[in-house]
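The values are calculated or read from the model by the stated rules, or taken from the named source; none is laboratory data. Note that the structure is predicted; figures quoted are calculated from it, not measured. No Cβ is skipped: glycine too gets one built from the backbone with ideal geometry, and neighbour counts run over all protein chains shown. Just so you know, the surface numbers come from the protein's heavy atoms only, side chains and all, with ligands and any DNA or RNA stripped out. Shrake-Rupley method; radii C 1.70, N 1.55, O 1.52, S 1.80 Å.
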Amino acid sequence: MKKTLLIGALIALCSFSSFAEDKNVPTPNQKEIIVKQNNNSISTSVEKKADKKELSDKEKYAWPKDAKEIEYSEFIKALDKNLIDTVMFSLANEDTFVAHLYFKDKSHAKVILPGRTYTVDMLNKDGKAKIKVVNDFNAYIKDAKITDSGGILSQALDTFLEFFKFAILIAILGLVLVFIQIYGMRLFSNPGKKVKPKHIDVTFDDIAGIDEAKKDVKEVVDFLNNKKNFNKFGAKIPGGILLSGDPGNGKTMLAKAVAKECNADFYQISGAELVEVYVGLGAARVRGLFKKARRSKKAVIFIDEIDAIGGKRGQGMGRSEHDQTLNQLLIEMDGFNKHLKHDLIIIAATNMAESLDEALLRPGRFDRQIIVNKPNLKGREDILNVYLKKALLHQEKSINVSEKERLNINALAKLTPGFSGAELANIVNEALILAAKRNDSSINQYHLLEARDKMLLGEARHDMDLLLEERRTTAYHETGHVVAALLHTNEPVEKVTITPRGKALGLMLQVPTREPVSINLTELKGKVRVLMAGRAAEELYLSEVTTGAANDMERAFEIALNMFTIWGMGNTLKTSSISPKLFEKLSDTTRAKVEQEAINFVSNCYEEVKTSLTVHHKTITEMVELLLEKETLDKKEIVEIWKKYNAIYPDWYNKEIEEKTKERLVEKGDIMHN
């Protein structure tokens, strides 16, 4: 049976490669491949070349230099008339083949063949065909009839098919983008996580330290639970509540407590989840969130970090998605949907209320703006009581608890001024971890104080190998801070240590007796003197100063610069309050005067504190030696050394003695507690 094979120069190359992988490709002087076709099968055998000298095909069909080039039509006519004896194909370039023609009359010619597919009838009259492949990748075909399979029409069809494939790919990509735009909300939107009231584990009883904010939020709960009492006066439910304040003060807990107390479904989403790359997708998510919430009988939508989408509009190019999302949120909160009868409250939280768009803050959208401040002393006590409830119960049942280990919530609250609720919770958790590592039966005051120091000062670095001179330098530096604090401030000195913590080689810790509302000029001078006292002690008692005071001097100059710019305490700007941005816009001469005034102020404080440290050299010397011995001195040890060389205690220590005496008398019942 006659068989037809498709052959071209690329197929010849692939065939050669496959033969090469089987290690059957001959070299000019080694092997030749004979392909025979018998009936319906093809077999391959390898024969060794005869030893006798004979011309190779390459030599036999050597291409004459005088061969003329003929047209393709002439080549086809010669094939039809059976005038060609042998055709040798070679690849001119990636798209062009050259057919070398050997006519039966011994003449030569060549024809350029474009990149097409040619059908080659490999069979002669005997039913055999012989193909030889040589090392230069040229295919020699003898006694074969070659016909064009398509010509120009085939080439055009191939080009059209390639273009059609590319067009289909572009069309599919376009359809995908359109599909995302139209149905993106259904596929990619996340309309908020829904939590049923029974799965919310936060109530108002679990929230402490923010009583004022809790009181304002409770009114909304009362409205939802007792609508009739409010409706008879014509009162309307607040559309939204904006909780603003520093992070970690309980804004999310307040939102959850509202949903729990009024038995409403809770939908929580972050502002960042509503911002997308594709324009319109964020707005679709907002619509989906409100649509889902309105299916509930009662619902609370909580948008955390709303400043991610609620920022002022029109702040630059490339914010169309942000603005469109915010516009959709405004519409959902506005009067367009007031006719819908739903008990729906929107609560949002942010740390940057000043950056929000004015349209979002107007009444009718966020009717109530509640500031959630950091807890005061009583608030910190309440928070610690909530987190230490189990530990306090265990302590009441225990008998063998020393006074030092007994939990003292009030003392810990005094030692954590400015701490948020989240930071206090972290202290308790770190204390629990420390108790577990030490295999103690329960948490005690030691664990809490260690956790406080770790969070406030950093982890103690006992592995640092410091030389004695380095430790002595650190001791003088920190003792200078202590003495200056005892002389020039009213804030208690809690401890001083030369144990490296964090990046510091040593530190002195002062704990204010109250959260300052404002600071006067005398207190600011005291702070600068305390900061410069470490460098002053090095200069007075050591042979040379070190780099350890770099951060102290930077903070001292920052305070001085703020005094003469922001706080209006200088002589150059007088009572003008100049922000850092505005300060940069002042003239070079004015800025130089202000900076020089700050430098002079710090220098004067430095000279004053040097004088103070010179007078108290005995106190400093003894404190340094004790620090080198014990590494850490607490408040009691510091005051004992001070009292040894000074006639009076610091004012803050006298007040503490009075308070402790009063507490003992109250416990004994000698005086009434007011």
Quiz item: Can you name the number of the only condition in (1) free of Cβ contacts under 8 Å to residues at least 60 places away in the same chain; (2) surrounded by 18 or more Cβ atoms within 10 Å (Cβ to Cβ); (3) in a helix (DSSP H, G or I) that residue 450 fails?
Solution: (2)
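When only residues in segment 249-283 that are among the β-branched types (Val, Ile, Thr) and either out of contact with any helix residue (DSSP H, G or I) (no Cβ under 9 Å at 6 or more places or on another chain) or at pLDDT 90 or above (or both) count, which is most open to solvent (accessible area, probe 1.4 Å)? If you could, list the steps in order and put the result at the bottom.
Going residue by residue through segment 249-283, those that are among the β-branched types (Val, Ile, Thr) are 252, 258, 269, 275, 277, 279.
Next cut, either out of contact with any helix residue (DSSP H, G or I) (no Cβ under 9 Å at 6 or more places or on another chain) or at pLDDT 90 or above (or both) only: 252, 258.
Details: 252: 45, 258: 1 Å².
My answer is 252.
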Quiz prompt | Residues that are open to solvent by 20 Å² or more (accessible area, probe 1.4 Å), at pLDDT 85 or above and not small (Gly, Ala, Ser), drawn from segment 223-248 | solution = 246, 247
Quiz item: Regarding residue 238, is this residue in a loop (DSSP other than H, G, I, E, B) and under 24 Å from residue 380 (Cα atoms)?
Solution: no
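Residue by residue, here is whether (1) among the basic types (Lys, Arg); (2) open to solvent by less than 30 Å² (accessible area, probe 1.4 Å); (3) modelled with pLDDT of 90 or more; (4) assigned to a helix (DSSP H, G or I) holds:
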{"residue": "410", "(1), (2), (3), (4)": "no, no, no, yes"}
{"residue": "426", "(1), (2), (3), (4)": "no, no, yes, yes"}
{"residue": "431", "(1), (2), (3), (4)": "no, yes, yes, yes"}
{"residue": "474", "(1), (2), (3), (4)": "no, yes, yes, yes"}
Self-check item: Residues that are open to solvent by 70 Å² or more (accessible area, probe 1.4 Å) and either touching a Ser or Thr at 6+ places or on another chain (Cβ under 9 Å) or under 27 Å from residue 375 (Cα atoms) (or both), drawn from segment 541-560
Solution: 555
Quiz prompt | Leading residue by the ranking (least open to solvent (accessible area, probe 1.4 Å)) among those in segment 95-121 that are in a loop (DSSP other than H, G, I, E, B) and at pLDDT 55 or above | solution = 107
Exercise. Six or more apart or on different chains, Cβ under 7 Å: which pairs go from a residue in segment 349-378 that's more than 20 Å from residue 212 (Cα to Cα) to one that's at pLDDT 90 or above and open to solvent by less than 70 Å² (accessible area, probe 1.4 Å)? Could you list them?
Key: 356/350
Practice problem: Find all pairs meeting these conditions: Cβ atoms under 9 angstrom apart; at least six residues apart or on different chains; first residue within segment 415-441 and farther than 30 Å from residue 211 by Cα; second residue crowded, with 20+ Cβ neighbours inside 10 Å and β-branched (Val, Ile, Thr). | Solution: 434/443; 435/443
Exercise. Consider residue 417 carefully, then state whether it is at pLDDT 90 or above, assigned to a loop (DSSP other than H, G, I, E, B), of a type outside the set (Val, Ile, Thr) and open to solvent by less than 40 Å² (accessible area, probe 1.4 Å).
Key: no
Quiz item: Just for segment 441-457: of the residues that are at pLDDT below 85 and of a type in the set (Gly, Ala, Ser), which one is nearest to residue 508 (Cα to Cα)?
Solution: 442
Quiz prompt | Which listed residue, of 455, 508, is farther than 15 Å from residue 631 by Cβ and either among the aliphatic types (A, V, I, L, M) or crowded, with 23+ Cβ neighbours inside 10 Å (or both) | solution = 455
Quiz prompt | Count of residues meeting criterion [open to solvent by less than 50 Å² (accessible area, probe 1.4 Å) and part of a loop (DSSP other than H, G, I, E, B)] in segment 339-379 | solution = 6
Quiz prompt | Given (1) under 27 Å from residue 493 (Cα atoms); (2) not in a helix (DSSP H, G or I), number of the condition residue 574 does not satisfy | solution = (1)
Quiz item: Can you find even one residue in segment 563-570 that is within 37 Å of the chain's Cα centre (by Cα), closer than 30 Å to residue 538 by Cβ, open to solvent by less than 40 Å² (accessible area, probe 1.4 Å) and of a type outside the set (Asp, Glu)?
Solution: yes
Self-check item: Of all residues in segment 624-655 being closer than 16 Å to residue 496 by Cβ and not in a helix (DSSP H, G or I), the one that is modelled with the lowest pLDDT
Solution: 650
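For segment 626-642, give me the residue count where each residue is open to solvent by 70 Å² or more (accessible area, probe 1.4 Å) and without any contact (Cβ under 8 Å) to a residue 60 or more places away in the chain.
So the answer is 4.
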Quiz prompt | Neighbours by Cβ (under 8 Å, 6+ apart or cross-chain): first from segment 151-168, closer than 20 Å to residue 72 by Cα; second modelled with pLDDT of 55 or more and of a type outside the set (S, T, N, Q) | solution = 155/114
Quiz prompt | Residue list for segment 511-527, filter: in contact with a His (Cβ under 9 Å, 6 or more places away or on another chain) and open to solvent by less than 30 Å² (accessible area, probe 1.4 Å) | solution = 526
